[in-house]
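Chemist: The structure is given below, and queries will be raised subsequently.
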Amino acid sequence: MPCPRSRLVPLLLFLGANAGAAPCSFTPATLSGERAPGLIVGAEVLLPEGSRAGQGVHIRFNGGLGLVGEFDAVRAARPDAAVLDCRGAAVLSPGFVNAHEHPAYSYAFPDAHLNPGYVHRDEWRLGTDGAQPLPIPEPIVYARDNPRSAAILLAMELRHLLGGATTIAGPGGLPGVVRNIDRHDRPGDIELYDYEADVEVFPFSFQAVEDLREECAGGPAHQFGHRAADDLAFMAYVPHVGEGRKASCAARAEVARYLQRVQRRDRRYALVHGVATDRDDYAVMREFDVTLVWSPRSNLALYGETVDIAGALDSGVRIALSTDWSPSGSFHMREEAGCARRAASAAGVALPADALWRMSTVHGAYALGLEDRLGAIRPGLRADLVLVAHAGGDPHDAVLTATHRDVLAAWVDGRALLLSETLPESLGAGRCVALPGMAPRACGVLSAFGLSPATFIEHVANTVPVNDAGRQAPCDAPTGGRAPST
Ligand SMILES: [Zn+2]
């Protein structure tokens, strides 16, 4: 007996849903004439002003963001564009902006001697004051003719991308995958770093404890020499400052000097780590527009303490999250966000998902002086986006806690580098390949470095995995703060 069509269609949809089929429907572009039509993504969209369901976001063919608005209106305005309609099933967020990383070292596991007993970074770096120094991993520098360097750095960048970040600020990395931010010092840097920020590591000296020893013993104030960074007022300044316990005189002295300097108001300032900061410092930072770049896992793993997060939140200072590096920090931004939540809870404060999301997106971009280029979904910014499946609940939380299976796509500069197997390969930035341990395929990135899946896997065998945070440093917040609120 023939089945009436009106009954058959819903049945097929039902079967499709049961089989775990695509949460999105795809309509190819209408290729007519000379116009490059781009792609409209329909989803719940996380905007700086809040979450909006049923939106359309137009990714222009040149990698910029075009129209952002109600889905039908965007579609009507760009009728020839391809459409990836995931409304009701996915959230679209700007990719995370990881405001502080050391990409050249961030392939290495924590050392067996890593412990939270250090007072100042000079102790684990240099063995100052009788401390046991930690081994510094060999930096991996990208070389076009060295596939091992490309594979290790690609694994590092794919790990961050899978963890939600489309931008990493810090020296090193490789061109054309995640967006890298640092100062251009050498000719090759122009291909590697998409935008500039001055992420000079230590603004005062590489041996601050030694240099400040007399001053800290009650002697005359030490004069640090002139640094090259003093001449780069046109770009954001994002240095490590006060990386040591609040009880460290040297760390406190660094903070005091830096907070004098920011009062020049001559450039965008951020302060990385700032473990040795207090409420009075946050008041100055707020007044002079200094972003606190916070890496709670790395702080806790090395110093047994982190910033006064309750004080920082009370003060209203802008906070950006960052991973620091794999030897003591989170392996990616979602792990960092989870650690931030735990550290805040241990200090008796709740960190809502939208606040954490802001620390991971718009605030990171602001710290780098790049808020007019990236870190938000807004017409004219670059299309650095992550699309994650969302079955209900807080949409910010969905983006912050997504697993690799939830990642539908990740675009950097409008190029889809990660793509779920439920989405057509034609959306990807080149050939898409499956890699072990991660659900979405990697598109257009292995072949760009002359790597096959097999050679990639061979080169990265002893480095931090793309999708396994099991061996990262612990995020053990000390007890003794205010009782956690429920
Ligand atoms: Zn660092």
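Where a number appears in this text, it was derived from the coordinates with a stated rule and is not lab data. This structure is a prediction, so every number in the text was calculated from the model and none was measured. Positions of Cβ are backbone-derived with ideal geometry, glycine not excepted, and every protein chain shown enters the neighbour counts.
Chemist: Filter the GluC sites (Glu not before Pro) in region 27-100 to those in DSSP coil with at most 16 other Cβ atoms within 10 Å of their Cβ, and list the result.
Modeler: GLU34, GLU49
Chemist: Might you report the magnitude of the Cβ-based charge dipole of the chain about its Cα centre, with Lys and Arg at +1 and Asp and Glu at -1, to the nearest 20 debye?
Modeler: In debye, rounded to 20, the chain gives about 1280.
Chemist: Counting other C-beta atoms within 10 Å, and keeping those with at most 13, which DSSP coil GluC sites (Glu not before Pro) do you find in region 368-476?
Modeler: Sites meeting the loop and neighbour criteria: GLU421.
Chemist: Can you tell me what share of the DSSP beta bridges in region 97-367 is antiparallel? A percent to the nearest 5 is fine.
Modeler: Percent antiparallel among DSSP bridges in region 97-367 is about 5.
Chemist: Treating the angle as unsigned and between 0 and 90°, give the value, to the nearest 10°, between the Cα long axis of helix 249-261 and the longest Cα principal axis of the chain.
Modeler: It is inclined by approximately 70 degrees.
Chemist: Let me ask something additional. No solvent, one uniform scatterer per C-alpha: report log10 I(q)/I(0) for region 93-154 via the Debye equation at q = 0.27 1/Å, two decimals.
Modeler: -1.11
Chemist: What trypsin sites (Lys or Arg not before Pro) in region 263-322 are in a loop by DSSP, with at most 12 other Cβ atoms within 10 Å of the Cβ?
Modeler: Filter output for region 263-322: ARG265.
Chemist: Another question, if that's okay. Choose one of TYR269, LEU302, MET285: the residue whose Cα lies farthest towards the positive end of the charge dipole of region 238-318 (beta-carbon charges +1 Lys, Arg; -1 Asp, Glu; about the Cα centre).
Modeler: The residue sitting most towards the positive pole is TYR269.
Chemist: Along Cα→Cβ, 7 Å out, is where each label goes; now give me the distance between the ones at ALA143 and ARG405 in nm to one decimal.
Modeler: Roughly 4.2 nm, to one decimal.
Chemist: Based on C-alpha coordinates, I'd like the Rg and Dmax of the chain, in Å.
Modeler: Computed over the Cα atoms of the chain, radius of gyration and Dmax are 23.3, 99 Å.
Chemist: For the residue pair ARG267 and THR455, what label-to-label distance in nm results when each label sits 7 Å from Cα along the Cα-to-beta-carbon direction?
Modeler: Here the answer is 3.9 nm between the modelled labels.
Chemist: What is the order of ASP384, ASP72, fewest Cβ neighbours within 10 Å to most?
Modeler: The order, fewest Cβ neighbours first, is ASP72, ASP384.
Chemist: Expressed in nm to one decimal, what extension gain is obtained for the pair ARG183 and ASP468 from 0.36 nm per residue of sequence separation less their Cα-Cα distance?
Modeler: 99.5 nm
Chemist: Among DSSP beta bridges lying fully in the chain, give the percent that are antiparallel, nearest 5.
Modeler: Of those bridges, close to 60 percent are antiparallel.
Chemist: Oh, and also: Does anyone have the angle between helix 147-162 and the longest principal axis of the chain? Alpha-carbon axes, 0 to 90°, nearest 10?
Modeler: 80 degrees
Chemist: What's the exposure ranking of CYS475, CYS216, going from fewest to most Cβ atoms within 10 Å?
Modeler: CYS216, CYS475
Chemist: Translational diffusion coefficient of region 275-324 at 10 °C, 1.306 mPa s, Stokes-Einstein with Kirkwood Rh over Cα pairs, in µm²/s as a whole number.
Modeler: 146 µm²/s
Chemist: Among residues other than LEU134 whose Cβ falls under 11 Å from its Cβ, what is the net charge (Lys/Arg +1, Asp/Glu -1)?
Modeler: 0
Chemist: Using only Cα atoms and rounding to the nearest 10 degrees, what angle (0 to 90) does helix 5-18 make with the longest principal axis of the chain?
Modeler: 30 degrees
Chemist: Taking the Cα centre of region 97-367 as origin, work out the dipole magnitude from +1 charges on Lys and Arg Cβ and -1 charges on Asp and Glu Cβ, in debye rounded to 20.
Modeler: Around 560 debye, computed over region 97-367.
Chemist: What translational D, rounded to a whole number of µm²/s, comes out for region 97-367 from Stokes-Einstein when the hydrodynamic radius is the Kirkwood one over Cα pairs, at 20 °C and 1.002 mPa s?
Modeler: Value of D from the Cα-based Kirkwood radius: 115 µm²/s.
Chemist: Sticking with this one: Between ASP278 and ALA217, what is the spin-label point distance in nm, taking each point 7 Å from the Cα along the Cα→C-beta axis?
Modeler: 2.5 nm
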